[in-house]
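First comes the structure, then the notes that go with it.
The values are calculated or read from the model by the stated rules, or taken from the named source; none is laboratory data. These numbers were taken from a predicted model, which means no experiment stands behind them. A quick note on method: Cβ atoms are made from the backbone with ideal geometry, for glycine too, and the neighbour counts reach across all protein chains shown.
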Amino acid sequence: MSYSLTVTVDGMVFKVEYHEGDPGRISGPPENCYPPEPPEVEVVSATRPDGTAVELDLEDEDLYDRILKACDEPMRAIYAEEDAGWAAYEENMRKAEADYEEMLRREGFGG
């Protein structure tokens, strides 16, 4: 899955596409296994705070690593929000199921 993020590194603002990577699969039949892939970023644009475009050395691994690291905090926030959303959804589904079972009992369909 990919996410559009804006991060600041060394006083420059980067708009990036963050690609989660894949944990891989290391159990089961060998034909179903594959190695993990680390997350990566694709720089869409780079600007100074005043909006002036910045030319980047796309081969600068140190800068790439710092941009990737700067994505950690916003991604943690996104994951926390997604987890909270799933938790709320699951709680609502449990409540709906309990309400439905209670209605069936009241109507004489439950045991």
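Observations on the structure shown:
- Residue, farthest from the chain's Cα centre (by Cα), within segment 22-47, restricted to residues that are in a loop (DSSP other than H, G, I, E, B) and either of a type in the set (S, T, N, Q) or closer than 16 Å to A70 by Cα (or both): S27
- Sole residue being more than 15 Å from T6 (Cβ to Cβ) and either of a type outside the set (A, V, I, L, M, F, W, C) or surrounded by 14 or more Cβ atoms within 10 Å (Cβ to Cβ) (or both), chosen from P74, P29: P29
- Of residues in segment 1-21 being closer than 15 Å to L68 by Cα and of a type in the set (A, V, I, L, M), the one surrounded by the most Cβ atoms within 10 Å (Cβ to Cβ): V16
- Against the test of being closer than 30 Å to D10 by Cα, part of a helix (DSSP H, G or I) and not acidic (D, E), the options R76, R94 yield a single qualifying residue, R76.
- Pairs where the first residue, in segment 94-105, is surrounded by 11 or more Cβ atoms within 10 Å (Cβ to Cβ) and the second is of a type outside the set (A, V, I, L, M) and not in a helix (DSSP H, G or I), C-beta under 7 Å, 6+ apart: E101/G110; L104/G110
Yes or no, residue by residue, for (1) modelled with pLDDT under 90; (2) among the hydrophobic types (A, V, I, L, M, F, W, C); (3) more than 22 Å from E82 (Cα to Cα); (4) touching a Leu at 6+ places or on another chain (Cβ under 9 Å):
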{"residue": "S4", "(1), (2), (3), (4)": "no, no, no, no"}
{"residue": "K15", "(1), (2), (3), (4)": "no, no, no, yes"}
{"residue": "R25", "(1), (2), (3), (4)": "yes, no, yes, no"}
{"residue": "G28", "(1), (2), (3), (4)": "yes, no, yes, no"}
{"residue": "P36", "(1), (2), (3), (4)": "yes, no, yes, no"}
{"residue": "E42", "(1), (2), (3), (4)": "no, no, yes, no"}
{"residue": "D50", "(1), (2), (3), (4)": "no, no, yes, no"}
{"residue": "L56", "(1), (2), (3), (4)": "yes, yes, yes, yes"}
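- Taken over segment 32-68, the criterion of being under 17 Å from S2 (Cβ atoms) and of a type in the set (G, A, S) is satisfied by S45 alone.
- For segment 42-62, a residue qualifies if it is hydrophobic (A, V, I, L, M, F, W, C) and out of contact with any Asp or Glu (no Cβ under 7 Å at 6 or more places or on another chain), and the qualifying residues are V43, A46, A53, V54, L56, L58.
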